[in-house]
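Asker: My questions will all concern the structure given below.
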Amino acid sequence: MKLRRVMISVLTPALIILLIMGISELWSFKCIEEENAGLRSIAILIPEKDQGIDPEDPMNRRIDFERLRKINPDITGWIYIPGTGIDYPILSGATDTEYLERDFAGNVSRSGSLFTYAGADLSEDGHVCIFGHNMISGQMFGRLKRYVTENYASDCRDLYLYTSERTKHGTLHSVFQCDKYDPVFELNKTENQTAVNELAEKLTARNTADFTEKEEFNQIFTLATCSGATGSDERLTVHFAVTDEKYIL
């Protein structure tokens with residue numbers, strides 16, 4: 001009986017602490033989502049049906065970059081992958097990791113942002129790496145792992161990337177695990193179409209997902225997030241090849 005009372009006296013505070021930590025974690029995720037939802041509400045412009053443009057086609061979405069850059073001039077693009085919850089701004093800071101722990105407004109945030117290497121050109125670079133945290137809540141790039149474990153490879157194959165000058169449509173090209181020292185992260189810029197084609201062939205050879213991709217393309221976006229145990233060097237990479245784009249008039 002005495003042992004039971006001791007166990008209760010020890011375990012009860014521990015359980016209370018865990019409960020408080022869990023509630024705090026959920027509240028943090030909720031706040032992050034509300035902030036991003038608020039940003040979407042002012043940044044994403046959907047055409048009206050009476051304008052003669054299909055509002056359901058993501059290629060007809062517009063992003064109010066003028067408004068976004070008043071919030072933070074480091075916002076260089078916007079990424080949308082239907083069916084995944086990925087619908088966020090892309091940031092490029094003065095250093096490669098500036099937005100690893102900062103939100104779209106530049107405030108310190110555990111979720112960080114989706115970001116590129118410093119100086120990356122989303123419109124012109126033949127290969128661009130975009131990084132984001134593997135959030136347990138599924139936010140940021142937390143759902144990329146489903147390209148390995150679920151039917152994302154066949155159901156969520158379309159990527160839309162927006163800049164102030166262009167709207168791009170990409171299709172899934174390759175999915176594979178690697179480590180953070182992999183050469184794919186060193187090839188952030190390719191100088192010509194031949195280099196892009198050579199990179200694409202290497203990515204195809206490493207693909208582990210069950211799909212085929214044979215369309216012509218002119219640019220590759222590599223989405224990367226942490227994989228495996230917390231703090232490990234493992235990375236999951238999901239690659240999209242741009243097959244269509246249009247200029248913003």
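Asker: Name the residue, out of ALA229, ALA205, ALA209, that is small (Gly, Ala, Ser), surrounded by 14 or more Cβ atoms within 10 Å (Cβ to Cβ) and outside any strand (DSSP E or B). Talk me through it step by step, then tell me what you get.
Answerer: Numbers: ALA229 fails: surrounded by 14 or more Cβ atoms within 10 Å (Cβ to Cβ); ALA205 fails: surrounded by 14 or more Cβ atoms within 10 Å (Cβ to Cβ).
Among ALA229, ALA205, ALA209, only ALA209 is small (Gly, Ala, Ser), surrounded by 14 or more Cβ atoms within 10 Å (Cβ to Cβ) and outside any strand (DSSP E or B).
Asker: Something else about it: Taking the condition of being touching a residue at least 40 places away in the same chain (Cβ under 8 Å) and part of a loop (DSSP other than H, G, I, E, B), how many residues in the range 66-80 meet it?
Answerer: Summing the residues that are touching a residue at least 40 places away in the same chain (Cβ under 8 Å) and part of a loop (DSSP other than H, G, I, E, B) in the range 66-80 gives 0.
Asker: Same structure again: Name every residue in the range 97-126 that is hydroxyl-bearing (Ser, Thr, Tyr) and either part of a loop (DSSP other than H, G, I, E, B) or over 29 Å from VAL196 (Cα atoms) (or both), in order of residue number.
Answerer: If the condition is that a residue be hydroxyl-bearing (Ser, Thr, Tyr) and either part of a loop (DSSP other than H, G, I, E, B) or over 29 Å from VAL196 (Cα atoms) (or both), then THR97, TYR99, SER109, SER111, SER113, TYR117, SER123 are the ones that fit.
Asker: Whether any residue in the range 169-192 is in contact (Cβ under 8 Å) with a residue 24 or more places away in the chain, among the aliphatic types (A, V, I, L, M) and more than 17 Å from PHE131 (Cβ to Cβ) is what I want to check.
Answerer: Within the range 169-192 (the criterion being in contact (Cβ under 8 Å) with a residue 24 or more places away in the chain, among the aliphatic types (A, V, I, L, M) and more than 17 Å from PHE131 (Cβ to Cβ)), the answer is yes, since at least one residue qualifies.
To keep it simple, each residue is scored yes or no on (1) touching a strand residue (DSSP E or B) at 6+ places or on another chain (Cβ under 7 Å); (2) open to solvent by 10 Å² or more (accessible area, probe 1.4 Å); (3) farther than 19 Å from THR237 by Cα; (4) free of Cβ contacts under 8 Å to residues at least 60 places away in the same chain.
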| position | (1), (2), (3), (4) |
| --- | --- |
| PRO82 | yes, yes, no, no |
| GLY85 | no, yes, no, yes |
| LEU91 | yes, no, no, yes |
| GLU101 | yes, yes, yes, yes |
| GLY106 | no, yes, yes, yes |
| SER111 | yes, no, no, no |
| ALA120 | yes, yes, no, no |
| GLY142 | yes, no, no, no |
| LYS145 | yes, yes, no, no |
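Asker: Still on this structure, I have one more. Among (1) in a helix (DSSP H, G or I); (2) surrounded by 15 or more Cβ atoms within 10 Å (Cβ to Cβ), which single condition is SER154 missing?
Answerer: Status for SER154: all satisfied but (2).
Asker: Another question, if that's okay. Tell me which residues, restricted to the range 127-140, are outside any strand (DSSP E or B) and within 30 Å of THR194 (Cβ to Cβ). Before you say what the answer is, go through the steps one by one.
Answerer: We begin by selecting, within the range 127-140, every residue outside any strand (DSSP E or B); these are 132-133, 135-139.
Within the range 127-140, GLY132 is the sole residue that qualifies.
Asker: Something else now. Pick out the one residue from GLY52, GLY119, GLY83, GLY126 that is at positive phi, modelled with pLDDT under 95, in contact with a helix residue (DSSP H, G or I) (Cβ under 7 Å, 6 or more places away or on another chain) and not hydroxyl-bearing (Ser, Thr, Tyr).
Answerer: Every option except GLY83 fails the conditions.
Asker: Could you count how many residues in the range 157-198 are part of a loop (DSSP other than H, G, I, E, B), loosely packed, with under 15 Cβ neighbours inside 10 Å and more than 18 Å from the chain's Cα centre (by Cα)?
Answerer: Of the residues in the range 157-198, 5 are part of a loop (DSSP other than H, G, I, E, B), loosely packed, with under 15 Cβ neighbours inside 10 Å and more than 18 Å from the chain's Cα centre (by Cα).
Asker: Does at least one position in the range 25-38 carry a residue that is closer than 20 Å to GLN139 by Cβ, in contact with a Pro (Cβ under 9 Å, 6 or more places away or on another chain), modelled with pLDDT of 90 or more and open to solvent by less than 40 Å² (accessible area, probe 1.4 Å)?
Answerer: The answer is no; no qualifying residue exists.
The values are calculated or read from the model by the stated rules, or taken from the named source; none is laboratory data. The shown structure was predicted, so the numbers you read here are calculated from the model rather than taken from an experiment. Heads up, the Cβs are rebuilt from the backbone with ideal geometry, glycines too, and the neighbour counts pull from every protein chain shown. Quick note on the areas: whole protein, heavy atoms, side chains included, nothing else; ligands and nucleic acids left out. Shrake-Rupley method; radii C 1.70, N 1.55, O 1.52, S 1.80 Å.
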